[in-house]
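Just below is one structure, and these are the notes that go with it.
The values are calculated or read from the model by the stated rules, or taken from the named source; none is laboratory data. Worth saying up front: this structure is predicted, and the values here are computed from it rather than measured. Here the Cβ is made from the backbone with ideal geometry for all residues, glycine too, and neighbour counts use every protein chain on show. In case anyone asks, the SASA skips ligands and DNA or RNA and just uses the protein heavy atoms, side chains included. Shrake-Rupley method; radii C 1.70, N 1.55, O 1.52, S 1.80 Å.
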Amino acid sequence: MKPSPSSVPPHTEPDPVPRAEPLAHSPPVWPVHHAFSSIPIEPPSAISFDDALSSRRSIRSMQPAPLRTVVNLMAYATHAVAELAGDPLGRTKRPSPSAGALHPVEIGLVHGRSNPRLFHCEPSSNVIQLLKPVDKRILRVLFARVRSMLPEADGSLIVFLADFSKTAAAYNHSQSLVWRDAGALLQTVHLSAVAFGLACCPLGILGSEAAASVFPNGNLQAVGMAVVGRLVSR
């Protein structure tokens, strides 16, 4: 039985619908200043899933963690476990779920408050890329915003950067899928931080400054942030 028009919630978004044939998609070109060698991912120490779930919380006081530690977290949470051979949209299996295995959301890492640098981990090869921002002052503004929100959170910034066109190539009415994927990735990063014994706090801002610093043309959009660091001894 069809619902009556009055029972349909107003202002709802149309449901995503897979396209019969995917559209052509050109992946964004990251502005790489320097690419470092592929890093071996070190898994966390053994921790039960129940302990990870029960220990997960937002920690608002932290100290900077070494870059290698945060990069390892980033690679662990995003690396491609498997790839679909010959797929035009580059579908992969990763730790976080994604609509259609598209994974349109990737992570940028802003490290170093006084001299901020922006990194990206290429999920298929685990190559760490140091990106070339248009203007580093934009990244300092982002750090200042975070410190105004969390004065005791002196950590690295995780920024979720989304390619909305990738999901749109496979689905009609695709935007809600990207936001869903961003939330799933945030949860994966947060639980991974717990497993590594790191402090993590999701933020209520998008991190648009980081996206604008490397993609001023809007090819990638910021869809969320977290700050990650070392636990403060009490």
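Results, tabulated for the structure shown:
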item	result
Residues of segment 18-37 that turn out to be in contact with a strand residue (DSSP E or B) (Cβ under 8 Å, 6 or more places away or on another chain), closer than 23 Å to Leu161 by Cα and either open to solvent by 70 Å² or more (accessible area, probe 1.4 Å) or part of a loop (DSSP other than H, G, I, E, B) (or both), as a count	7
Residue within segment 62-71 that is open to solvent by 70 Å² or more (accessible area, probe 1.4 Å) and small (Gly, Ala, Ser) present	no
Selection from segment 137-191 of residues that are touching a Pro at 6+ places or on another chain (Cβ under 9 Å), open to solvent by 10 Å² or more (accessible area, probe 1.4 Å), part of a helix (DSSP H, G or I) and of a type in the set (Ser, Thr, Tyr)	Ser165, Ser176, Thr188
Selected residue (only one of His103, His120 is part of a strand (DSSP E or B), surrounded by 18 or more Cβ atoms within 10 Å (Cβ to Cβ), within 12 Å of the chain's Cα centre (by Cα) and of a type outside the set (A, V, I, L, M, F, W, C))	His120
Flag for Gly229 being of a type outside the set (A, V, I, L, M, F, W, C), part of a strand (DSSP E or B) and either within 17 Å of the chain's Cα centre (by Cα) or over 22 Å from Arg68 (Cβ atoms) (or both)	yes
Among the candidates Gly86, Gly90, Gly112, residue that is at pLDDT below 95, crowded, with 16+ Cβ neighbours inside 10 Å and not polar (S, T, N, Q)	Gly90
